[in-house]
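Q: Okay, here's the structure, questions in a sec.
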There are 2 protein chains.
Amino acid sequence: MEKKIIGIDLGGTSIKFAILTQAGEIQHKWSIATTILDEGSHIVPDMIASIKHQMELLGLSAENFLGIGMGSPGVVDRQEGTVVGAYNLNWKTKQAVKKQIESAIGIPFFIDNDANVAALGEQWVGAGGNHPDVVFVTLGTGVGGGVIADGHLIHGIAGGAGELGHIVVDFDQPIACTCGKKGCLETVASATGIVNLTRRYAESYAGDAALKALIDDGQEVTAKVVFDHAKEGDELGMIVYKNFSRYLGTACANIANILNPSTIVIGGGVSAAGDFLLEGLQEVFNTHAFPQIAKSTQLALADLGNDAGVIGAASLVLK
Amino acid sequence: MEKKIIGIDLGGTSIKFAILTQAGEIQHKWSIATTILDEGSHIVPDMIASIKHQMELLGLSAENFLGIGMGSPGVVDRQEGTVVGAYNLNWKTKQAVKKQIESAIGIPFFIDNDANVAALGEQWVGAGGNHPDVVFVTLGTGVGGGVIADGHLIHGIAGGAGELGHIVVDFDQPIACTCGKKGCLETVASATGIVNLTRRYAESYAGDAALKALIDDGQEVTAKVVFDHAKEGDELGMIVYKNFSRYLGTACANIANILNPSTIVIGGGVSAAGDFLLEGLQEVFNTHAFPQIAKSTQLALADLGNDAGVIGAASLVLK
């Protein structure tokens, strides 16, 4: 029997697990809640217990597995297999994850940063179609990403490669970013960024758009509400949509001018806006990408949803 | 005896050759003029004759060489070993370079695009210090470049990776680029781009800067003249220098936000401005690069000058 792989996607709310084939097909998946009490000291023991329990249920032992791969928040040391500074897990000090898991389960363990791991998932069996050159941009509360070039996940000298949310795109009215800089992609293209833009353009907007009325009324306006209004042709919604597209499209074009990937995959909660988002993006992309690159690099929506993490994590085992 | 490598840097004016060790040390170099007559049909035979002649002079035969590497202008097919559309060589139709050279000399032949090859040279034994993650930006008549990530020269899906001159950086008064787009780095940071900026800012400049007088006098103003004036504190020269730094520094910061290379190497004729250029660049870079990246990615001037081409070409043999 071909050996299987375990993929783990460690998050602040839940820990997702999957057992996959070496072709990246999920055969079984489950999840447990993340207990961040006591400085996150329950997390690794909980993971170990859950994996052992599932292996028992399925009648599988360590010899049936090629390895365990995991995506983690925080600063990951891939060689050491440690994580530090994952604040949503309460992991302030260095956690020896690899050592604990390997000694308890007896299966080789591999780890990388969660955004990188999601990028690997989409590249391998998602919208990237297993092409060696794929860039993943995830638009969530923040903007993250990962770069796969010539078949390799790119980390750079200090693990900072793929900080796509911090590409500077706004030079007119740059908004302060959590990173300490101004005008980062994240300030205008994340879920929060779209709300930033809505407030910015609402201020000088004088028409009778429904979206403007919502804001003036003090109602909660989310990225979804903004895109839904834009899809209906709401004038303020369209202003936000066009500027969002301009910023994100420029960033994507410049990524492509540097790397000419086969695909730039757009994922994260904001990408639920779907083809409507892609259309606005494509127009700006075609204007700013080098002609040969505009023809060869495609933009696509992410395919795997929440499974990208466990699938990409599993792929670490095969590298 | 350790086998040697031949590196060739094919240009529109001259063809440079070198014999190198496998450590990238040049042991012998020479060059011949490029004869582009008769649709460039003399170029490959001239190269073959010149290599044979030098091998004879040095008493070396095919067995003494591991391979021949070459950097070429135009569109290169690395697998086929062909070049097409190298207009400065008069090569309009496809040239079977590899086939001709291998059958005449009997040494394995490798080829890549000239900008990529220069990037490899600087990465290997130049300012890149043989680190696996290095980006090379060359500021000449145009702006070109090459990306080495995780030890691999990145080509992308259609060979367009490294089109760093076409990163869009100017959104205020974008100048038309030869590529058909507007606002490309090349329009404001190449030798021509610096002259573009000088003319732009001279128009609205009302002071008595010496550089302004030169322009009003109809004298030829080159990038070197502009930088020399800026170094002396010329007011108009400083305006151009600050804006040049802003555009190039932003592009470098965004390259670093994507790739976090150990070094971004700045080469080409414009880089002769030296540390003065680097200082202006570093200031903007620090403002726009993600903090962890600003600390880990360094900016440096190219080290190898005209030898980057033959050295990088030689490195193709070792890949």
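Q: In the range A:1-10, how many are open to solvent by 20 Å² or more (accessible area, probe 1.4 Å) and either among the small types (Gly, Ala, Ser) or closer than 10 Å to A:GLY71 by Cα (or both)? If you could, list the steps in order and put the result at the bottom.
A: Going residue by residue through the range A:1-10, those that are open to solvent by 20 Å² or more (accessible area, probe 1.4 Å) are A:1-4, A:9.
Now narrow it down to the ones that are either among the small types (Gly, Ala, Ser) or closer than 10 Å to A:GLY71 by Cα (or both): A:9.
Looking only at that region, the number is 1.
Q: While we're looking at this one, here's another question. Out of the residues in the range A:174-190 that are open to solvent by 20 Å² or more (accessible area, probe 1.4 Å) and at pLDDT 95 or above, which is nearest to A:LEU139 (Cα to Cα)?
A: A:GLU186
Q: Report, by residue number, each residue of the range A:91-125 that is assigned to a loop (DSSP other than H, G, I, E, B) and farther than 30 Å from A:GLU56 by Cα.
A: Listed by number, the residues that qualify are A:LYS92, A:THR93, A:LYS94.
Q: Consider A:LYS319 carefully, then state whether it is among the basic types (Lys, Arg), assigned to a loop (DSSP other than H, G, I, E, B) and under 24 Å from A:ASP133 (Cβ atoms).
A: So A:LYS319 fits the description; yes.
Q: Go through (1) at the interface with chain B (Cβ under 10 Å from one of its Cβ atoms); (2) open to solvent by 30 Å² or more (accessible area, probe 1.4 Å) one by one and return the number of the condition A:ASN90 breaks.
A: Evaluating A:ASN90 over (1) at the interface with chain B (Cβ under 10 Å from one of its Cβ atoms); (2) open to solvent by 30 Å² or more (accessible area, probe 1.4 Å) leaves (1) as the failure.
Q: While we're looking at this one, here's another question. Is one or more of the residues making up the range B:128-135 within 9 Å of another protein chain (Cβ to nearest Cβ) and among the small types (Gly, Ala, Ser)?
A: no
Q: Something else: Only one residue in B:GLY71, B:GLY85 is modelled with pLDDT of 95 or more and either β-branched (Val, Ile, Thr) or outside the structural domain of B:THR192 (by TED's automatic domain parsing) (or both), so which one is that?
A: B:GLY71
Q: What tally of residues in the range A:234-261 results from selecting those that are outside any helix (DSSP H, G or I) and open to solvent by 10 Å² or more (accessible area, probe 1.4 Å)?
A: The total comes to 1.
Q: Further question: Take B:VAL75 and tell me if it is more than 18 Å from B:ALA314 (Cβ to Cβ), open to solvent by less than 30 Å² (accessible area, probe 1.4 Å) and touching a strand residue (DSSP E or B) at 6+ places or on another chain (Cβ under 9 Å).
A: no
Q: Looking at B:ILE255, B:ILE266, can you tell me which residue is touching a residue at least 12 places away in the same chain (Cβ under 8 Å), more than 14 Å from every other protein chain (Cβ to nearest Cβ) and under 14 Å from B:PHE136 (Cα atoms)? Before the answer, list the steps.
A: Numbers: B:ILE255 fails: more than 14 Å from every other protein chain (Cβ to nearest Cβ).
Within the list B:ILE255, B:ILE266, the selection yields B:ILE266.
Q: I've got another one for you. Name the residues in the range B:262-301 that are open to solvent by 30 Å² or more (accessible area, probe 1.4 Å) and either among the basic types (Lys, Arg) or not in a helix (DSSP H, G or I) (or both), would you?
A: B:GLY268, B:PHE290, B:LYS295, B:GLN298, B:LEU301
Q: Cβ-Cβ distance below 6 Å, separation of 6 or more or different chains: which pairs start in the range B:96-118 with a residue that is not assigned by TED's automatic domain parsing to the domain that holds B:VAL147 and open to solvent by less than 20 Å² (accessible area, probe 1.4 Å) and end on one that is aromatic (Phe, Trp, Tyr) and at pLDDT 95 or above?
A: Once the first residue is not assigned by TED's automatic domain parsing to the domain that holds B:VAL147 and open to solvent by less than 20 Å² (accessible area, probe 1.4 Å) and sits in the range B:96-118, its partners that are aromatic (Phe, Trp, Tyr) and at pLDDT 95 or above give B:ILE101/B:PHE109; B:ILE107/B:PHE65.
Q: Let me ask something else about it. Only residues that are facing chain A (nearest Cβ under 7 Å) and farther than 14 Å from A:VAL135 by Cβ: list them for the range B:149-158, please. Outline the logic, then answer.
A: So the first thing to find is which residues in the range B:149-158 are facing chain A (nearest Cβ under 7 Å), and the list is B:149-150, B:152, B:154, B:156-158.
The answer is B:ASP150, B:HIS152, B:ALA158.
Q: Same structure, new question: From the list A:VAL168, A:VAL135, which residue is under 18 Å from A:ILE258 (Cα atoms) and more than 16 Å from the chain's Cα centre (by Cα)?
A: From the options A:VAL168, A:VAL135, the qualifying one is A:VAL168.
Conditions tested, residue by residue: (1) of a type in the set (Gly, Ala, Ser); (2) within 14 Å of another protein chain (Cβ to nearest Cβ); (3) at positive phi.
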site: B:ASN260; (1), (2), (3): no, yes, yes
site: B:SER271; (1), (2), (3): yes, no, no
site: B:GLN292; (1), (2), (3): no, yes, no
site: B:LYS295; (1), (2), (3): no, yes, no
site: B:ASP307; (1), (2), (3): no, no, no
site: B:LEU316; (1), (2), (3): no, no, no
site: B:LYS319; (1), (2), (3): no, yes, no
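Q: Right, here's the next one. How many of the residues making up the range B:124-143 are surrounded by fewer than 24 Cβ atoms within 10 Å (Cβ to Cβ) and closer than 21 Å to B:VAL188 by Cβ?
A: Result for the range B:124-143: 3.
Q: Mind checking whether some residue in the range B:207-221 is open to solvent by less than 10 Å² (accessible area, probe 1.4 Å), modelled with pLDDT of 95 or more and part of a helix (DSSP H, G or I)?
A: Yes, some residue in the range B:207-221 is open to solvent by less than 10 Å² (accessible area, probe 1.4 Å), modelled with pLDDT of 95 or more and part of a helix (DSSP H, G or I).
Q: Return the residues of the range A:163-195 that are within 7 Å of another protein chain (Cβ to nearest Cβ) and in a loop (DSSP other than H, G, I, E, B); say none if nothing qualifies.
A: Our first condition is that a residue be within 7 Å of another protein chain (Cβ to nearest Cβ); within the range A:163-195, this holds for A:163-164, A:166-168, A:171, A:179-181.
Those that are within 7 Å of another protein chain (Cβ to nearest Cβ) and in a loop (DSSP other than H, G, I, E, B): A:GLU163, A:ILE167, A:PHE171, A:CYS179, A:GLY180, A:LYS181.
Q: Which one is farthest from A:ARG246 (Cα to Cα), of the residues in the range A:169-213 that are in contact (Cβ under 8 Å) with a residue 60 or more places away in the chain and not β-branched (Val, Ile, Thr)?
A: Selected residue: A:ALA191.
Q: Filter the range A:14-37 down to the residues that are farther than 18 Å from A:LEU316 by Cα and touching a residue at least 40 places away in the same chain (Cβ under 8 Å) and list them by number.
A: The answer is A:THR34, A:ILE36, A:LEU37.
Q: Looking at B:GLY121, B:GLY160, B:GLY146 in this structure, which one is open to solvent by less than 50 Å² (accessible area, probe 1.4 Å), small (Gly, Ala, Ser) and more than 28 Å from B:PHE65 (Cβ to Cβ)?
A: B:GLY160
The values are calculated or read from the model by the stated rules, or taken from the named source; none is laboratory data. A quick note: this is a predicted structure, and the numbers were derived from the prediction, not measured. Positions of Cβ are backbone-derived with ideal geometry, glycine not excepted, and every protein chain shown enters the neighbour counts. Heads up: the accessible areas ignore ligands, DNA and RNA and are worked out on the full protein's heavy atoms, side chains in. Shrake-Rupley method; radii C 1.70, N 1.55, O 1.52, S 1.80 Å.
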